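The values are calculated or read from the model by the stated rules, or taken from the named source; none is laboratory data. If you're wondering where the values come from, they're calculated on a predicted model, not measured in any experiment. Please note: Cβ atoms are built from the backbone with ideal geometry, for glycine as well, and neighbour counts cover all protein chains shown. For the accessible areas, the whole protein counts, side chains as well, though only heavy atoms, and no ligand, DNA or RNA atoms are used. Shrake-Rupley method; radii C 1.70, N 1.55, O 1.52, S 1.80 Å.
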Amino acid sequence: MIKVEKLNSGYGKLQILFDIDLEVPRGEITTIVGPNGSGKSTFLKSLFGLTDIFSGRITYQGKDITYIPPHEKTKMGISYLPQTNNVFTNLTVRENLRIAGYILNGEELEERINFALEVFPELRGILDRKAGSLSGGQRQMLAMATALVRKTKILMLDEPTAQLSPKLAQVIFDKIVELRDNYDITPLLVEQNAKRALEISDVGYMFVSGRVAYGGSAESLLNHEKFQSYFLGVVGIEEC
Amino acid sequence: MIDVLIGAMVWSNLLVLLALGLTMTYITTGVPNFAQASFAIVGSYIALTLLRLIGLNPYLSIPVTFILGGILGLSTYYIALKPLIKRKASIEMLMIATLAWDLILFGIIGAYSEVLSAITKKTETLFVFTSLDFNIYGIPGRLIVSSLLVLLTILGLYLLLYKTKFGIALRASMENPSLAEAMGINVENTRLFSWFLSGALACMAGSVLPYLQEIVPQTGYFIVVSIFAASIVGGLYHIVGALVGGYIIGISESLFTYILSILLGPGVLVYSKVISLLMMIATVLLHPRGITGTEMWRRVERWLNL
Amino acid sequence: MVELITLILFFFALYVIVSLSLNLEFGYGGIPNFGKALSVLTGALVVGGILNRLLIWYFGIEGDFISASSLAAYRMTEIVSQNPLIGLGIFLFCVTMAVVAGAIAGALSILPSAKLKGDYLGVTLLAISEVVYLILFYNTEIVGGYYGVSVPDILAFVPGEYRVYAYTVLALICALLVYLFLEKLLNSPYGRILRGHRENEDLIKAFGRDVMKLRIKTMALGSAIAAIAGVVFVFYSSSVVVNAFNRVEWTFYPFLIVLLGGKGNNKGVVLGAFIFVLLKMLIDFYKFDIKYLLHLPFEAVWLQYIVFGILALLILCYKPEGILKEEPIYTPPIKSRLKTNP
């Protein structure tokens with residue numbers, strides 16, 4: 001669905017990503033893992049158009065979107081949820097959902113909000129609460145629900161389970177699976193919680209120092225020695 | 001004593017209107033506007049002109065000053081700030097730009113006051129409207145009008161910000177412009193709106209100000225500290241801060257001057273600025289985000305369910 | 001014509017002193033000192049408020065402060081006209097006091113906001129300066145306020161027709177000394193840390209330097225220097241009139257000069273001061289001709305404000321680095337390397 005070829009990007013003169021080749025297949029969960037500072041969050045930002053792209057090509061359903069600005073991408077069905085500040089804390093849950101569909105007209109907006117609430121019924125009881133007063137899990141669900149309002153086809157999530165309890169993290173992972181299975185949404189995750197994320201994923205990539213160190217099925221990555229060395233702490237970074 | 005209270009309320013009402021604009025433009029554009037006080041004096045001179053040339057009562061000229069003030073606010077943004085923001089100028093440079101704009105307005109006000117004097121054959125460099133004020137059961141018009149203006153402004157802002165789609169978008173862009181942009185909201189509109197309103201409210205306040213005190217072209221330099229004190233004490237990151245800060249500063253200034261005048265005799269008006277300055281410094285030292293940035297305020301808000 | 005040139009040179013010297021001090025604070029240190037006028041006013045206050053009171057006490061003059069000041073100033077001037085050393089002694093005494101008072105005023109005024117970021121810093125400094133100005137302006141008992149007070153003529157020994165020239169030379173000497181002092185200072189480790197602080201506060205913190213102390217020190221130094229200009233100015237005009245120390249003349253114009261010349265470049269600031277003073281004095285000197293020539297229905301001073309406001313906006317927009325750009329720092333080791341490998 002998204003294809004990245006030889007992407008070089010960063011901020012200003014500082015290059016962070018080098019020659020990234022990556023593919024996100026439709027209807028599958030793709031997860032990117034890697035140590036801190038490996039450039040995986042920067043990669044999501046590059047896809048969404050929040051960094052400087054030096055060279056390379058990004059295509060979405062066959063269309064070149066390398067240099068398309070973020071709000072245009074939103075209209076094309078690409079959503080990006082940053083790790084923090086992904087909802088408006090001063091707005092109520094209802095207002096957050098309404099604002100997510102700012103570009104839709106009245107009737108369509110109501111329809112989409114109802115749809116988002118079907119997927120996230122947990123939000124129904126707290127519609128008039130301020131997003132700032134929600135728990136971490138509720139906030140993450142609200143953020144994902146806002147993406148549904150926007151008719152998202154591909155949903156990029158930057159560490160959606162960071163700072164959540166293992167139990168809540170599982171709820172979020174289950175929701176991500178549900179989005180793939182029932183609503184034809186293609187999730188693209190960046191996760192610190194690598195093992196559990198890969199367990200629900202179809203495709204897995206590992207970034208090291210701004211480059212793709214491994215790409216393949218999630219299962220194969222889980223069993224790969226590089227992955228084990230990083231996340232199960234067998235060898236140090238220098239040896240990779 | 002009752003006169004002191006009336007004066008305090010009128011001054012507080014006007015400060016609220018002036019601080020509202022300052023806070024709003026600070027939230028949307030991130031620059032403290034040093035020309036805010038001059039906006040008010042421009043409003044005073046627009047009201048004076050309409051009074052002298054077509055005999056319009058300054059209260060009735062408020063709709064005109066509102067609109068012209070809005071245009072003034074917009075041109076401040078378009079001429080002095082937007083070109084710099086586009087070039088990614090630092091906040092210090094933007095502040096110098098508002099100082100420069102303030103000086104330009106000061107020059108225009110001064111020049112205009114002399115032009116107007118030449119037309120009306122009177123001295124227009126110093127004027128008051130006090131003798132024109134009306135009275136209902138002993139309550140002076142300036143108190144009624146300024147209170148009404150504040151009420152209308154708050155009501156209007158509340159309806160706009162909480163009940164319309166544009167308003168929700170405004171609040172969203174004030175809180176997190178980049179996220180709002182990602183949702184397809186044009187954040188530039190928020191800036192334009194806040195600058196229009198800032199100029200409009202300030203000029204509106206300016207057309208009532210001559211009922212309270214003498215106006216000279218330099219009056220802006222006299223009131224600017226009070227406006228900043230109101231916004232900072234109330235909290236620069238919250239619109240409601242202007243309301244809270246405006247009344248705290250307005251009433252403290254008036255009462256402090258009153259007590260001083262009993263102790264020391266007349267001529268102590270200038271010391272009212274000392275109390276504003278001290279309150280501002282205390283805020284900056286203890287809690288730079290002001291009253292509306294405190295935990296206690298957040299609890300009050302939750303309790304009010306705002 | 002000689003009169004105009006002297007006038008230009010005198011104010012050039014004054015603005016060089018004040019703008020260089022602002023360049024230290026803002027250009028090198030990144031502190032937006034929108035309360036610059038306060039430090040110049042402090043210099044005036046030292047002469048009008050402290051020296052005058054000492055003289056009144058010394059001569060045992062009775063009566064209200066303003067008229068007693070006139071008498072004291074007159075008597076002191078008489079003495080100075082016979083004895084040049086006393087005049088110079090008074091000048092040095094006042095400069096010393098002004099440096100101390102300026103340093104204290106500068107340090108105190110930044111104290112509340114020294115930890116905060118640029119906007120709060122600038123607003124607080126402006127507010128403090130404005131309130132002090134307003135009090136000194138409206139309260140005529142401190143330093144004469146809007147009436148003004150006389151101060152002695154410390155160069156009374158110079159024959160009347162050369163007096164203005166003597167003051168101009170004195171001002172130019174002060175400006176030169178300030179320039180040399182600052183050039184030396186800014187090439188010291190302190191100067192490099194100051195620039196580093198402007199670019200990246202956290203870096204300085206990481207090097208174990210206290211940002212707050214650095215800012216207080218810089219403001220103390222900058223205000224001490226600018227206070228000297230206040231002293232020279234009031235002796236030159238033989239009076240203190242508080243209006244002369246307003247925000248436009250001594251805060252905004254120095255900012256305009258620093259921007260025009262190039263912030264972070266002392267040579268540029270000197271050049272900027274010259275261009276600015278030339279323009280300002282020409283407008284001041286020919287104000288009646290300008291008014292007549294352009295058929296202005298108002299005083300030319302308003303036009304001056306508008307012109308300088310627009311000039312500042314144009315510089316901010318089109319030439320924010322000024323006429324002369326900031327030079328890179330060459331420490332001795334770098335210099336020697338540049339010599340060996342050009």
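Residues that are part of a helix (DSSP H, G or I) and either free of Cβ contacts under 8 Å to residues at least 40 places away in the same chain or open to solvent by 30 Å² or more (accessible area, probe 1.4 Å) (or both) within the range B:52-74 comprise B:ARG52, B:LEU53, B:ILE54, B:PRO63, B:VAL64, B:PHE66, B:ILE67, B:LEU68, B:ILE71, B:LEU74, listed in sequence order. Count of the range C:1-41 residues, restricted to those that are β-branched (Val, Ile, Thr) and within 8 Å of the chain's Cα centre (by Cα), is 4. When the range B:92-137 is limited to residues that are open to solvent by 50 Å² or more (accessible area, probe 1.4 Å), assigned to a helix (DSSP H, G or I) and among the aliphatic types (A, V, I, L, M), the one that is nearest to C:ILE306 (Cα to Cα) turns out to be B:ILE108. In summary, helices (runs of 4 or more DSSP H) completely within the range C:105-211 and bearing 3 or more residues that are within 13 Å of chain B (Cβ to nearest Cβ) and modelled with pLDDT of 95 or more occur at C:118-138. Across the range B:282-306, the qualifying residues are those that are in a helix (DSSP H, G or I) and buried (at least 19 other Cβ atoms within 10 Å of the Cβ), and the one among them that is farthest from the other protein chains (Cβ to nearest Cβ) is B:ILE291.
Summed over the range B:237-281, the residues that are more than 21 Å from the chain's Cα centre (by Cα) and outside any helix (DSSP H, G or I) give a count of 4.
Taking the criterion of being free of Cβ contacts under 8 Å to residues at least 12 places away in the same chain and closer than 25 Å to B:PHE222 by Cβ, the residues of the range B:93-107 that qualify are B:ILE96, B:LEU103, B:ILE104, B:GLY107.
Within the range B:146-159, can one find any residue that is more than 22 Å from the chain's Cα centre (by Cα) and open to solvent by 70 Å² or more (accessible area, probe 1.4 Å)? Among the residues of the range B:146-159, not one is more than 22 Å from the chain's Cα centre (by Cα) and open to solvent by 70 Å² or more (accessible area, probe 1.4 Å), which makes the answer no.
Would you check if there is a residue in the range B:199-213 being away from every other protein chain (no Cβ under 11 Å), surrounded by fewer than 23 Cβ atoms within 10 Å (Cβ to Cβ) and either assigned to a helix (DSSP H, G or I) or touching a strand residue (DSSP E or B) at 6+ places or on another chain (Cβ under 9 Å) (or both)? Checking the range B:199-213: not a single residue is away from every other protein chain (no Cβ under 11 Å), surrounded by fewer than 23 Cβ atoms within 10 Å (Cβ to Cβ) and either assigned to a helix (DSSP H, G or I) or touching a strand residue (DSSP E or B) at 6+ places or on another chain (Cβ under 9 Å) (or both).
The listed residues are C:ALA127, C:ALA105, and the only one of them that is under 22 Å from the mean Cα position of the chain (by Cα) and either among the charged types (D, E, K, R) or more than 29 Å from C:PHE91 (Cβ to Cβ) (or both) turns out to be C:ALA127.
Pairs meeting the criteria (first residue in the range B:109-136 and more than 13 Å from chain C (Cβ to nearest Cβ) and touching a residue at least 60 places away in the same chain (Cβ under 8 Å), second residue open to solvent by less than 80 Å² (accessible area, probe 1.4 Å) and charged (D, E, K, R), beta carbons under 7 Å, at least 6 apart or on different chains) are B:ASP133/B:ARG142.
Taking the criterion of being open to solvent by 10 Å² or more (accessible area, probe 1.4 Å) and under 20 Å from C:VAL178 (Cβ atoms), the only residue of the range C:197-219 that qualifies is C:LYS217. Checked against (1) open to solvent by less than 30 Å² (accessible area, probe 1.4 Å); (2) without any contact (Cβ under 8 Å) to a residue 60 or more places away in the chain; (3) of a type in the set (Gly, Ala, Ser); (4) closer than 30 Å to B:TYR221 by Cα, C:GLY222 meets all criteria but (2).
Examine the range A:28-44 for a residue that is at pLDDT 90 or above, within 14 Å of chain B (Cβ to nearest Cβ), part of a loop (DSSP other than H, G, I, E, B) and within 26 Å of A:ASP184 (Cα to Cα), and state whether such a residue exists. Within the range A:28-44 (the criterion being at pLDDT 90 or above, within 14 Å of chain B (Cβ to nearest Cβ), part of a loop (DSSP other than H, G, I, E, B) and within 26 Å of A:ASP184 (Cα to Cα)), the answer is no, since none of the residues qualifies. Among all residues of the range B:184-193, there is at least one that is open to solvent by less than 10 Å² (accessible area, probe 1.4 Å), out of contact with any Asp or Glu (no Cβ under 7 Å at 6 or more places or on another chain), more than 10 Å from every other protein chain (Cβ to nearest Cβ) and on the phi < 0 side of the Ramachandran plot.
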